1. Can LEU35 be described as in contact with a strand residue (DSSP E or B) (Cβ under 7 Å, 6 or more places away or on another chain) and open to solvent by less than 20 Å² (accessible area, probe 1.4 Å)?
2. Could you tell me which of the residues LEU19, LEU6, LEU35 is aliphatic (A, V, I, L, M) and touching a Cys at 6+ places or on another chain (Cβ under 8 Å)?
3. Can you tell me which of GLU63, GLU78, GLU21 is among the acidic types (Asp, Glu), free of Cβ contacts under 8 Å to residues at least 12 places away in the same chain and surrounded by 14 or more Cβ atoms within 10 Å (Cβ to Cβ)?
4. Given LYS4, LYS28, which one is of a type in the set (Lys, Arg), at pLDDT 95 or above and exposed (fewer than 14 other Cβ atoms within 10 Å of the Cβ)?
5. Are there any pairs with C-beta distances below 8 angstrom linking a residue in region 27-48 that is at positive phi to a residue that is open to solvent by 10 Å² or more (accessible area, probe 1.4 Å) and in a helix (DSSP H, G or I), with the two at least 6 apart or on different chains, and if so which?
6. Which numbered condition trips up TYR228, out of (1) modelled with pLDDT of 90 or more; (2) open to solvent by 20 Å² or more (accessible area, probe 1.4 Å); (3) more than 26 Å from LEU138 (Cα to Cα)?
7. Go over the candidates VAL149, VAL106 one by one and state the one that is at pLDDT below 65, within 27 Å of MET16 (Cβ to Cβ) and surrounded by 14 or more Cβ atoms within 10 Å (Cβ to Cβ).
8. Would it be correct to say that GLU129 is closer than 29 Å to LYS12 by Cα, among the acidic types (Asp, Glu) and at pLDDT below 90?
Amino acid sequence: MIGKELTIDQVKSISMDILDEVHSFCVKNNLRYSLFSGTLLGCIRHKGFIPWDDDIDIAMPREDYEIFARTFKSDKYEFINHEKCSWYYLPWGKVADLSTIKNEPVYVKKEKYGVDIDIYPCDYIETIEQGKYLKKKLGKIDRARGHSVRLYNKNIIKNFFTLFYRGKHIKYCFKENSISSQFNSGKHMYFFRNNAFSKSDDIYPIELFDNTILMPFENRKYLVTSLYDKVLTIRYGDYMKPPADSNERKPHHLNNTRFIE
């Protein structure tokens, strides 16, 4: 029996509970991670969620990410990715609370997972030029995947088209991982996310995870790269100044997603 719809505050609270368990697992198993993207920005600028943000992102070096993907275990949460779930089409993983339901338009009824946090692998590159090449190639794949999602959502008889578009999603996912896996050593680290839409080149120092520090986030503390100022400047520029455009102050997911307990 489906329960009631969750509020934004409840979703954030569950997300932080998931992060608590991920944090404990990583510390116990000597796996490196850092809050990243909008979550890192919120941590530094707001000491918690950006007021209009609704999700949690963390990043790991590729080798730590692969260990995490193979070994993470929890009584309450599950790590999901395209290798574990045939319907999952993204090239990064999530840790999800399967006692809740994340009702997104792109998934058919049986393909639902709960409130989750995103776990992104960081891949290595030798030169800045390689990073820009990688971003361009992956951006094309991202746009093609996005196009297939839009087409999927427009189909009235969705179940008929599910296998076709699921296949496209998985193909894009494996292609992205195949491209990024070519860069397994180097002098820089490429942060692998939102390749088609990020304004930044998303190329960060290889020392990104060498030193992490506990920083306050809401009423708890999580690990953050000590290079947070450099990282946020690369990604956002003048990151301490909130965006003036109201269109940039909207939730990324909750405007078209329902969470149910």
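1. yes
2. LEU35
3. Details: GLU78 fails: free of Cβ contacts under 8 Å to residues at least 12 places away in the same chain; GLU21 fails: free of Cβ contacts under 8 Å to residues at least 12 places away in the same chain.
Every option except GLU63 fails the conditions.
4. On the way: LYS4 fails: at pLDDT 95 or above.
Being of a type in the set (Lys, Arg), at pLDDT 95 or above and exposed (fewer than 14 other Cβ atoms within 10 Å of the Cβ) holds for just one of LYS4, LYS28, which is LYS28.
5. From region 27-48, the pairs are SER37/ARG235.
6. (3)
7. That would be VAL106, the only listed residue that is at pLDDT below 65, within 27 Å of MET16 (Cβ to Cβ) and surrounded by 14 or more Cβ atoms within 10 Å (Cβ to Cβ).
8. Details: closer than 29 Å to LYS12 by Cα: no; among the acidic types (Asp, Glu): yes; at pLDDT below 90: yes.
No, not satisfied.
The values are calculated or read from the model by the stated rules, or taken from the named source; none is laboratory data. As the structure is a prediction and not an experimental result, all values here were calculated from the model. Backbone-built Cβ (ideal geometry, glycine too); neighbour counts: all protein chains shown. Quick note on the areas: whole protein, heavy atoms, side chains included, nothing else; ligands and nucleic acids left out. Shrake-Rupley method; radii C 1.70, N 1.55, O 1.52, S 1.80 Å.
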